[in-house]
1. Restricting to the stretch 38-73, count the residues that are at pLDDT below 70 and open to solvent by 50 Å² or more (accessible area, probe 1.4 Å).
2. Give the residue, chosen from SER97, SER83, that is assigned to a helix (DSSP H, G or I), of a type in the set (Gly, Ala, Ser), surrounded by 10 or more Cβ atoms within 10 Å (Cβ to Cβ) and modelled with pLDDT under 70.
3. Within the set of pairs 6+ apart or on separate chains, which have a first residue in the stretch 1-20 that is closer than 13 Å to PHE54 by Cβ, a second that is open to solvent by less than 80 Å² (accessible area, probe 1.4 Å) and part of a loop (DSSP other than H, G, I, E, B), and C-beta atoms under 7 Å apart?
4. Within the stretch 1-27, track down each residue that is over 16 Å from the mean Cα position of the chain (by Cα) and either closer than 21 Å to LYS66 by Cα or open to solvent by less than 30 Å² (accessible area, probe 1.4 Å) (or both).
Amino acid sequence: MKCYQSALEVDNSNHDAYVARGAAYANMRRFEAAVGEFRKALAISPTDKNAKKFLETVVEQMKIEKDAGGKDGDWKEKLIAKSVRRKQERDSTHETSDKKQEKMKKRKSNP
């Protein structure tokens, strides 16, 4: 954390330092602090994809834990279930894309 603070003392508009510090806070499960850092980064650089994604992920994690009612382990099960659903959605989208490409190849080979 000291290195991020030092970087920000040199250049307080260094949005990457805010993102990195936010990620460090998130890894320590200090979600409120992480959200603050990501918001600072986005105030400086509104299009920063990493800050947006990290912010979205941390806010989602906070909601999952809140919904679990603080029961130890419940949030992990919900997060795993959500990850599985996302993978299934990606896989089905990829499968659809593969099928479309296959149809296009057949059309080209059979004019």
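1. Taking the stretch 38-73 first, the residues at pLDDT below 70 are 68-73.
Keeping just the survivors that are open to solvent by 50 Å² or more (accessible area, probe 1.4 Å) gives 69-72.
Residues that pass the stated criteria total 4.
2. Details: SER83 fails: modelled with pLDDT under 70.
Being assigned to a helix (DSSP H, G or I), of a type in the set (Gly, Ala, Ser), surrounded by 10 or more Cβ atoms within 10 Å (Cβ to Cβ) and modelled with pLDDT under 70 holds for just one of SER97, SER83, which is SER97.
3. Final answer for the pair search is HIS15/SER45; HIS15/ASP48; VAL19/ASP48.
4. Taking the stretch 1-27 as the starting set, the residues that turn out to be over 16 Å from the mean Cα position of the chain (by Cα) are 1-15, 17.
LEU8, ALA17, listed by residue number.
The values are calculated or read from the model by the stated rules, or taken from the named source; none is laboratory data. A quick note: this is a predicted structure, and the numbers were derived from the prediction, not measured. Glycine also receives a Cβ, built like all others from the backbone with ideal geometry; neighbour counts cover every protein chain displayed. Each accessible area value is taken on the protein alone, full model and side chains, heavy atoms only, with ligands, DNA and RNA left out. Shrake-Rupley method; radii C 1.70, N 1.55, O 1.52, S 1.80 Å.
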